[in-house]
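The values are calculated or read from the model by the stated rules, or taken from the named source; none is laboratory data. Owing to the predicted nature of the structure, the values given are computational and were not obtained by experimental measurement. All Cβ positions, glycine included, derive from the backbone under ideal geometry; neighbour counts span all protein chains shown. Just the protein is used for accessible areas: all its heavy atoms, side chains included, with ligands, DNA and RNA removed. Shrake-Rupley method; radii C 1.70, N 1.55, O 1.52, S 1.80 Å.
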Amino acid sequence: MKLYYATGTCSLSPHIVAIEAGLALELERVDIKAIPRLTETGADYARINPNLYVPALALDDGTIVLEGTAIVQYLADLAPASGLAPPPGTLARVQLQSWLGFIATELHKAYSPWLFHPEYGAQAQDVARSRIAARLDYVERQLAAGGPYLLGERYSIADAYLYTILGWSAYARVDLSAFPQVNNLMARVGERPAVRAALRVEAGRQAA
Ligand SMILES: N[C@@H](CCC(=O)N[C@@H](CS)C(=O)NCC(=O)O)C(=O)O
């Protein structure tokens, strides 16, 4: 399997999950700032994901899986013993999918693209930050009621995704200081060997 990724982006989430699950994964970096969008081997990324964004997962038979929330579930299901996702068909799995949808639509797409493009203007950025703060308040209350992870005692792919998105906060000038449970989750996830390994590998490849 090969993950098309870009350093510092949401593709960190499936990278973490693949390492957590003990899966062999090839990496291919995509230059998401360039047009045409080329990969590090010179391939035209538009042929892999016509939407041009990362992540994309290429299976060994050539099938391409798109969308981060689908990719992380696919990876977790390849290694059910890892416990990274409750089994399909269970209510616990639906709760996980609820979190994945929330992170994708309420957080990920509030940070990106709005807080990464100053040209959108201060007003758009203020709206994005205040929406993010309201959503984080919800996450904080959920964690206080039944943390330390989004699914309770059990770490899951939703935590890896949340960690990835909230990791942009300093750069995006989103203040997390009012959310101690969220900070606790960030610290716990950030200490995981798989998370450190994914960050180290991506930084090393970036520098190379
Ligand atoms: N819906 C997509 C969104 C992915 C996404 O926003 N990727 C960003 C990086 S975090 C990207 O590649 N942006 C470059 C672009 O849109 O051209 C998913 O969740 O997989």
- Query: With labels modelled as points extended 7 Å from the Cα through the Cβ direction, what inter-label distance (nm, one decimal) is found for residue 81 paired with residue 33?
  - Reply: 4.3 nm
- Quick one: pull the percentage of alpha-carbon pairs in the chain with a separation above 28 Å. 26 percent
- Query: Considering only protein heavy atoms and a 1.4 Å probe, what is the carbon-and-sulfur percentage of the accessible area of segment 126-170?
  - Reply: 48 percent
- Query: Hey, any idea what % of segment 1-117's accessible area is carbon plus sulfur with a 1.4 Å probe?
  - Reply: 57 percent
- Query: Given the Cα-Cα distance of residue 153 and residue 105 and 0.36 nm per residue of separation, how much length would full extension add, in nm?
  - Reply: 14.8 nm
- How large is the dipole of the chain about the Cα centre if only Lys and Arg carry +1 and Asp and Glu carry -1, each at its Cβ, rounded to the nearest 20 debye? 280 debye
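On average, how much accessible surface per residue is there in segment 91-192, in Å², for a 1.4 Å probe, leaving out ligands, DNA and RNA?
In whole numbers, segment 91-192 has 49 Å² accessible per residue.
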- Task: Report relative contact order for segment 91-192 in percent, whole number only (criteria: Cα-Cα under 8 Å, sequence separation at least 6).
- Result: 29 percent
- Note on the structure: One finds, for residue 137 and residue 98 with R0 = 22 angstrom and r their Cβ-Cβ distance, a FRET efficiency to the nearest 0.05 of 0.80
- Query: To two decimal places, what compactness ratio does segment 91-192 give when its Cα radius of gyration is scaled by 2.2 N^0.38 Å?
  - Reply: 1.05
- Message: If I take R0 = 22 Å and measure r between the Cβ atoms of residue 40 and residue 60 in this structure, what FRET efficiency does the formula 1/(1 + (r/R0)^6) give, to the nearest 0.05?
- Response: 0.65
- With R₀ set to 41 angstrom, the calculated FRET efficiency between the beta-carbons of residue 183 and residue 47, to the nearest 0.05, is 0.50
- Query: Over the chain, what is the relative contact order in whole percent, taking alpha-carbon pairs under 8 Å and six or more residues apart?
  - Reply: 21 percent
- Task: Considering the options 125, 94, 164, tell which one lies farthest towards the positive end of the dipole of segment 91-192, charges being +1 on Lys and Arg and -1 on Asp and Glu at the Cβ, about the Cα centre.
- Result: 94
- Message: Which three numbers, in whole Å and largest first, are the semi-axes of the equivalent ellipsoid of segment 57-132 derived from its Cα gyration tensor as √(5λ)?
- Response: 32, 17, 8
